[in-house]
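Asker: Submitted below is the structure of interest, expressed as structure tokens.
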Amino acid sequence: MIRNLFTPLAIASIAIALGGCNSTKQAGQTVSPNNRICVDLQTPNPGWILGIQEVRVDKDNHLHVYAEAKIIDGQENRIAATVISQISDCVRVPRNGRSMTIYLAGATWNWVPGAIIQVSGTAEYRSKISTGSTKALFPY
């Protein structure tokens, strides 16, 4: 199979789709009123999955979104074809026009857009926000 010929590349780009999961909207654009938060990730191969793990709101009414990119189970030692792929995840939250910050863990490439804060995992994400002064909106 062709997807088994190449190793995963360490380059990807992330676009935050504030309206719909397949949107190409960039951070800072007007939000769709459907109250969905989506994180879209373009990867150079189809061996990745993306999941929003948590959404919290702080005392200033700012949203903090924590997402993880992972290699698909069983694909760790496999070789994947170099094919630009898009993965995404969406959650429904009462967005109400609030600003947000996206935290991403699991990225093995060495850059992400400035709108994304790269973290090593849940512990680092939680150390960057004060979970005691935030309320979880997702998981429900």
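Asker: Given the peptides 82-94, 35-47, 120-132, arrange them by the average over their residues of other C-beta atoms within 10 Å, most packed first.
Answerer: Ranking the peptides 82-94, 35-47, 120-132 by packing returns 35-47, 82-94, 120-132.
Asker: Still on this structure: Taking the Cα-to-Cβ direction at Thr82 and at Asp60 and moving 7 Å from each Cα, how far apart do the two end points lie in nm?
Answerer: In this crude label model, Thr82 to Asp60 measures out at 4.2 nm.
Asker: What FRET efficiency would be calculated for the residue pair Thr122, Arg92, taking the C-beta separation as r and a Förster radius of 30 Å, to the nearest 0.05?
Answerer: Computed FRET efficiency for Thr122 and Arg92: 0.90.
Asker: Check which residues have an amide H placed less than 5 Å from Phe138's amide H, if you skip close sequence neighbours.
Answerer: Under 5 Å from the amide H of Phe138: Val55.
Where a number appears in this text, it was derived from the coordinates with a stated rule and is not lab data. Computed from a prediction, not measured in an experiment: that's the story for all the values here. Positions of Cβ are generated from backbone atoms using ideal geometry, with glycine treated the same way; all protein chains shown enter the neighbour counts.
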